Each structure stands twice: as structure tokens, then as C-alpha cells.
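Just so it is clear, none of the values below were taken in a lab; they were calculated from the coordinates. All figures in this text were calculated on a predicted structure; none of them were measured in a lab. Methodologically, a virtual Cβ is constructed for each residue, glycine included, from the backbone with ideal geometry; neighbour enumeration extends over all protein chains shown.
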Amino acid sequence: MIRFYNGPWDPVSNPDGLVNLGTAENSLMLDDIATFINGQQIQFTGEAFDYSEAWGSLRLRKAVSGFINTHFKPHTPTQAENITISNGCSALFNALGNVLADPGDGVLLTKPCYIAFGSDFGLLGGMTPVFIPSKDIDQFTPDILPQYEAALKSAKDRGIKVKVLVLCNPHNPLGRCYPPSTLTDILSFCNTHKIHLVTDEVYAMSVYSEDGTPFTSVLSLDWQKYIDPTYFHHVYGMSKDFASGGLRIGSLWTLNTELHRAVSALANFHHSGTVNALLACRILEDTSFTTSYMAKSRQRVAEAGLLARALLDEAEIPHAPANAGFFLWINLAPWLREEDGDDGWARERRLMERLIGERVFIAGGQMQNAEEPGWFRFVFTRKENLVREGVKRLKNVCGIA
Ligand SMILES: Cc1ncc(COP(=O)(O)O)c(C=O)c1O
């Protein structure tokens, strides 16, 4: 992509620039966060430039736990002492991959799944992804559990010890939530097989429509009935719901004290920075701001989703139902072109290259471990003119009139 990168698209200053509908960011709320911080008239003291605790100051850990207790309706309120802060969820996954497993051990992941889980757990931790194909089963229903068992068995048959299951709820890239019945079955599955459940709820507050399963945080269930508490770990961060990917704040909540200590020790390599932490505290501590901000964000995401659906429908591009996150899972299979008897994945890669050649970036399904070629993740939380320009270019490449 770097080959083609000529700066971000701007209708006036860079009309040939890249239309990025690939990175899952909520551009629609960036200015609101900036305005809130500008309104704080922050006077830094010298301490803001000190190291502070790498695993998160007590103030920040209290702010995160307060936010979770207000917005996630936990069955038992979370406490700051069980939280570790890091520079983003990615850094936490990297730490968990190092601490919970030995190189070669398996991490169970859905198909498709968030693009970076494989490398987050694998690059340094050396974990092997073990995918759970859903075939024709709706993977959000309890009917999927036999597929979890089958994936585990096939990993065992290949000599892979599965140590971790990552549950992304709301799901990236499918934009859907798991109902309580599936969540409790997954908790029991992990408990039975002594697998650590890492639940990534980074899109928790970005469920923008009631037309679909509502979000249930695993924390809100009586989860200890289903799993040994040392096997359950909750991850949240400010990159998505707070449109603050640049702030680099991620949190791990766990009652596993050994894991908490190990990840906190590694946090020295993953410090968010004291200044960033202070800004995060200002945001999280203001409950009236977080409540109104989340409502506004959901409203804007919903509107952007409606526009994207309308444009895709007009172009007759199929998309899967979704009610959460910043993206739609769209099916470009009808526009894959065969060349010299190549397979569907090669055709998908070529389509993606053609899209990038037209300077529109949409992440292809293969890199997200899709089950069939032709699916792409279309991020719609962008300014309206950019989404329109992106769809125009997409139609050009596909030859849609
Ligand atoms: C499901 C999911 N988890 C984690 C991340 C990364 O989070 P962070 O910016 O906190 O590292 C992303 C970013 O796209 C994501 O989609």
C-alpha cells in the first residue's frame, strides 16, 4: 500500500489522495474529544512529566474501573487493584501471549477475526492461531459450541496445546454481539478445558442499533458460576469508543493475581505515558461527559451506518447484518475476476490491489481469516464526502454503473 500512498484524500487539497475505509477509527468523534480536552484548561504540574507507575497510576486505574462500573453493569463492581494499564489493547494481547503460553501453544480465534489477533499473540509470544470455522452455523448462537470443541480437538491432534481463547464482543469485523447464552457456554467451554478466556470488549459502547443482539458484557453475568476466576480476563481500551487511538490506553482486569503481577511487570515496556494518562483520567472521571459523549457517538455512528448501507444497496453490493462497531462486512465476491484458473483468494488479493490502485483502501477478508473469498470490511465512520468518494471508486473498480 505504501507504494500507492500519496496522503489522505481531501476534495480540495488532495483529490487523488487515499480514501481510507480500512482503518477502524471513529473519525466522527475526534473533534468532540479534542473540544472536551481543550475545555479542561489543563495546567500541568511537574509530576505530569515524571515516570509514574508504568502499569497505570492508581488514579487512572480508579477512573477505568469507575467507567466500567458505570457503563458495563458488572455483576460485582470492578476494583482498581485488579486493573493493569498499558499502551493499548494490542500491547496487552502481546503481554498475555507471552505470559499465558509457551511458544507454539494455541490461541483459539473465530473466523473471520480482527486482523491483528494473530500477530498480537503470535509475533513475540509465538502462539499459534487455531481458527474455529463456523461453516453454515450462526457463530453468535450456542449452536457454534461443537465447532469450538472440534477446533480444539483438531489442534490437539496436531500436537498444539490450546491455552487461550479470544472472544471479541462486539465482534470485529462482523459488527455483532454475543447473547448471554452463547457467552455462558463459552465460559463453560473454557472452564472445562482449562483455557484462558480473554474477552476484548473494545467496541462495547459502540452498539448503535437495536436491530440486532444488544451488547452484554461478560462482566455483567454471574460469570464465576461458569469459570474458575483465574481463567477469565477482560480487556477494554479507549481507541474505539473514545475515538482516541492515539492516546494509547488499554486496560486488563483480572482476578488472577499472578497474571496481574506478570503483566504489570511487563507494563514497563508498554507505558502509556504520564501525560496521556492524565488526559485519560479527565475524560473517564467525568461521568456526565462520558454518558453524553457515548450517546452522541452512537447516534453519529448509526447515521453513518445508514448512509453506508444506502450507498451499498444502491450499488447492489451485499452486506451482512450488523449493529455494532464502525464497519460492515461486505461481499464483493460477484466482482472477483478469474485469471488463469487462479483461486478465489488470489482473485480477492487482486481486487484489493486494484482498489488500492484506485486509492481506496478496504481490508480484504483473507487477512481477517474469512471463510470464503470476496468479503471485505468497509469502515463507514468517516465524513460523508469521504464515504461517498470511497463508494464511487469502489464502483469504478468493480465496473458498477
Ligand atoms: C477488536 C480490536 N481489539 C483491539 C484493537 C486495538 O486496540 P488498541 O488501539 O487499544 O491497541 C482493535 C483495533 O482495531 C480492535 O479492532
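For the chain, a crude dipole built from +1 on the beta carbon of Lys and Arg and -1 on the beta carbon of Asp and Glu, taken about the Cα centre, is about 340 debye to the nearest 20. Within the range 342-401, the trypsin sites (Lys or Arg not before Pro) that combine a DSSP coil assignment with at most 15 other C-beta atoms in a 10 angstrom radius are Lys383. Shown for the range 121-203 is the translational diffusion coefficient from the Stokes-Einstein equation, using the Kirkwood radius over Cα pairs, a temperature of 4 °C and a viscosity of 1.567 mPa s: 96 µm²/s. Taking one quarter of the surface of the C-alpha convex hull of the range 39-99 gives a mean projected area of 6.0 nm². Coupling constants for the range 332-345 follow from the phi torsions by the Karplus curve (6.51 cos²θ - 1.76 cosθ + 1.60, θ = phi - 60°), and in residue order they are 9, 3, x, 10, 6, 10, 7, 9, 6, x, 6, 8, x, 5 Hz; glycine and proline get x. Translational diffusion coefficient, Stokes-Einstein: compute it for the chain using the Kirkwood radius over C-alpha pairs as Rh, at 25 °C and 0.890 mPa s, and state it as an integer in µm² s⁻¹. It comes out at roughly 112 µm²/s. Stretching Ala34 away from Leu145 to a fully extended chain increases their span by 35.6 nm, per 0.36 nm per residue minus the current alpha-carbon distance. Within the range 276-348, the GluC sites (Glu not before Pro) that combine a DSSP coil assignment with at most 12 other C-beta atoms in a 10 angstrom radius are Glu316, Glu338, Glu339.
Of the chymotrypsin sites (Phe, Trp or Tyr not before Pro) found in the range 1-100, the ones in coil according to DSSP and having at most 12 other Cβ atoms within 10 Å of their Cβ are Phe44, Tyr51. The sum of -39500 (n - 2.57) across all DSSP H runs of n ≥ 4, divided by the residue count of the chain, sets its helix-only mean residue ellipticity at 222 nm to -11500 deg cm²/dmol.
What pairs from Lys240/Lys383; Lys73/Lys156; Lys73/Lys161 go past 28 Å between their alpha carbons? Over 28 Å apart, Cα to Cα: Lys73/Lys156; Lys73/Lys161. Put simply, the range 257-339 fits an ellipsoid with semi-axes of 39, 23, 11 Å; these come from the alpha carbon gyration tensor as the roots of five times its eigenvalues, largest first. Tell me, what is the FRET efficiency for Met367 and Gln43 to the nearest 0.05, using R0 = 56 angstrom and their Cβ-Cβ distance as r? According to the calculation, E is roughly 0.80. Computed over the chain, relative contact order equals 24 percent, with contacts defined as Cα pairs under 8 Å that lie 6+ residues apart. The simple spin-label model puts a point 7 Å past each Cα toward its Cβ; for Ala265 and Asp228 those points are separated by 2.1 nm.
Backbone phi angles across the range 280-295, fed through the Karplus curve with coefficients 6.51, -1.76 and 1.60 (θ = phi - 60°), yield HN-Hα couplings of 4, 4, 4, 5, 5, 6, 8, 4, 5, 5, 4, 5, 6, 4, 5, 5 Hz in residue order; Gly and Pro are listed as x. Size descriptors for the range 1-48: radius of gyration and Dmax over Cα atoms are 16.7, 45 Å. Where a ≥ b ≥ c are the square roots of the eigenvalues of the C-alpha gyration tensor, would you call the range 1-129 rounded, which needs a/c under 1.5, or, failing that, prolate if a/b is larger than b/c, or oblate? Note, shape of the range 1-129 comes out oblate.
Distance between Cα centroids, the range 47-113 to the range 238-316: provide it in whole Å. Their Cα centres are 12 Å away from one another.
Springs between Cα atoms under 10 Å define the GNM used for the chain, and in it the highest mean-square fluctuation of Ala95, Ala315, Ala280 occurs at Ala315.
Put simply, the range 185-248 fits an ellipsoid with semi-axes of 25, 16, 8 Å; these come from the alpha carbon gyration tensor as the roots of five times its eigenvalues, largest first.
Farthest towards the positive end of the charge dipole of the chain, among the residues Val130, Ser244, Trp329, is the Cα of Ser244, using unit charges on the Cβ of Lys, Arg, Asp and Glu. Given springs between every Cα pair under 10 Å in a Gaussian network model of the chain, which of Glu358, Glu371, Glu210 has the largest fluctuation? Checking each option, the largest mean-square fluctuation is seen for Glu210.
Computed from the Cβ-Cβ distance with R0 of 60 Å, the FRET efficiency linking Asp286 to Arg350 stands at 0.80.
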